[in-house]
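Nothing in this text is a laboratory measurement; each read-out follows from the coordinates by a stated rule. Predicted, not measured: the structure shown is a model, and the values here were computed from it. Note: ideal-geometry Cβ built from the backbone for every residue, glycine included; neighbour counts use all protein chains shown.
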Amino acid sequence: MPDSDCLRQDAELLFDAVREAGALALTMFRQNVRRWSKPDGSPVSDADVKVDALLRDKLHASRPGYGWLSEETPDSDERLACEKVWVADPIDGTRAFVNGGSEWCIAAALVSAGRPTAAAIYRPVYEEFYSAVAGEGARMNGSSIVTTDADTLTNAHVVGTRKSLAPLSEHGIQADVSGTLPLQLRLALVASGRFDAAVSFGNKHDWDLAAGDLIVQEAQGQASDLSGRSYIYNRPQAWQHGMVAAGSKRHTKLIEALRAT
């Protein structure tokens with residue numbers, strides 16, 4: 001089978017699984033599901049676990065030769081021997097989910113040789129389905145999306161925490177302060193042009209980024225670490241150093257501004 005046909009089949013499998021996962025999550029939304037805290041203090045719920053199981057059953061079981069990396073599954077070195085790996089965040093925005101807030105999503109990607117080649121982010125409360133296949137552009141509910149791409153930071157709407165936006169204040173940005181909007185949603189909203197850019201400090205896990213990374217890239221933008229380097233996924237340490245996402249011209253300006261601080 002040609003590689004393009006294989007990728008298309010993998011993408012359709014991914015899209016169907018993420019849609020089904022979103023539908024499952026909705027049945028548990030605002031239903032007082034059991035919740036608890038992980039050792040690092042972050043929340044997790046029965047919904048996270050059940051959505052993770054569904055994605056794993058649909059994706060990993062259908063492609064047993066592919067690796068698996070998920071926020072809700074114990075990591076294994078077995079994935080490092082796999083050229084292709086599913087990377088999933090079953091519910092990105094668990095804190096909002098368990099508190100009845102609407103800012104959460106299902107996110108998953110197929111990573112091949114370290115880079116995402118198919119991706120989906122589903123925001124079921126709003127019925128927004130973001131998707132991308134490498135070389136085919138990015139879409140939201142089937143319609144093409146593109147990033148904004150002015151070559152200036154002046155008046156750019158940049159989403160992030162106060163800490164991450166502070167170094168950019170002298171450049172005339174319009175700060176959209178959010179400490180709770182999940183990273184995958186920030187990336188999706190940059191890809192669709194609703195935000196001009198997103199910046200986040202601190203280490204990020206692969207599952208926080210992989211799907212949105214490809215969607216931004218296919219929307220004619222760029223997502224990178226704080227130094228401007230493209231992400232490489234499925235390494236022994238499955239995390240990245242920060243996040244900067246924007247249209248390509250503005251991304252360059254953001255990296256220059258951050259380096260100057």
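In a reduced charge model with +1 at each Lys and Arg Cβ and -1 at each Asp and Glu Cβ, segment 3-145 shows a dipole moment near 340 debye about its Cα centre.
Measuring against 20 Å, Cα to Cα, the residue pairs K38/K163; K163/K204; K163/K249 contain K38/K163; K163/K249 as the ones spanning a longer distance.
For segment 3-145, DSSP calls about 90 percent of its internal beta bridges antiparallel. Averaging the Cα positions of each part gives two centres, and for segment 31-95 and segment 209-256 these lie 22 Å apart. Which value, in debye to the nearest 20, describes the size of the charge dipole of the chain about its Cα centre when Lys and Arg Cβ atoms bear +1, Asp and Glu Cβ atoms bear -1, and nothing else is charged? Dipole of the chain, to the nearest 20 debye: 540 debye.
Each peptide in 104-115, 49-60, 250-261 was scored by the mean count of other Cβ atoms within 10 Å over its residues; highest first, the order is 104-115, 49-60, 250-261.
The charge dipole of segment 157-259, taken about its Cα centre with unit charges on the Cβ of Lys, Arg, Asp and Glu (plus for the first two, minus for the last two), comes to roughly 140 debye.
For the peptides 18-24, 217-223, the ranking by packing is 217-223, 18-24, with the highest mean count of neighbouring Cβ atoms within 10 Å listed first. Rounded to the nearest whole angstrom, the semi-axes of the ellipsoid equivalent to the chain, taken from the Cα gyration tensor as √(5λ), stand at 27, 21, 17, largest first. Along the charge dipole of the chain, which of S112, P182, S169 sits closest to the positive end, that is, farthest toward it, with unit charges on the beta carbon of Lys, Arg, Asp and Glu (+1, +1, -1, -1)? Of S112, P182, S169, it is S169. In terms of its C-alpha gyration tensor, segment 3-145 has an oblate overall shape, because the principal axis ratio a/c (a ≥ b ≥ c, square roots of the eigenvalues) is not below 1.5 and a/b does not outweigh b/c. Working from Cα pairs under 8 Å separated by at least six residues, relative contact order for the chain is 17 percent.
Take each peptide in 119-127, 182-190, 166-174, count the other Cβ atoms within 10 Å of every residue, and average; sorted highest first, the result is 182-190, 119-127, 166-174.
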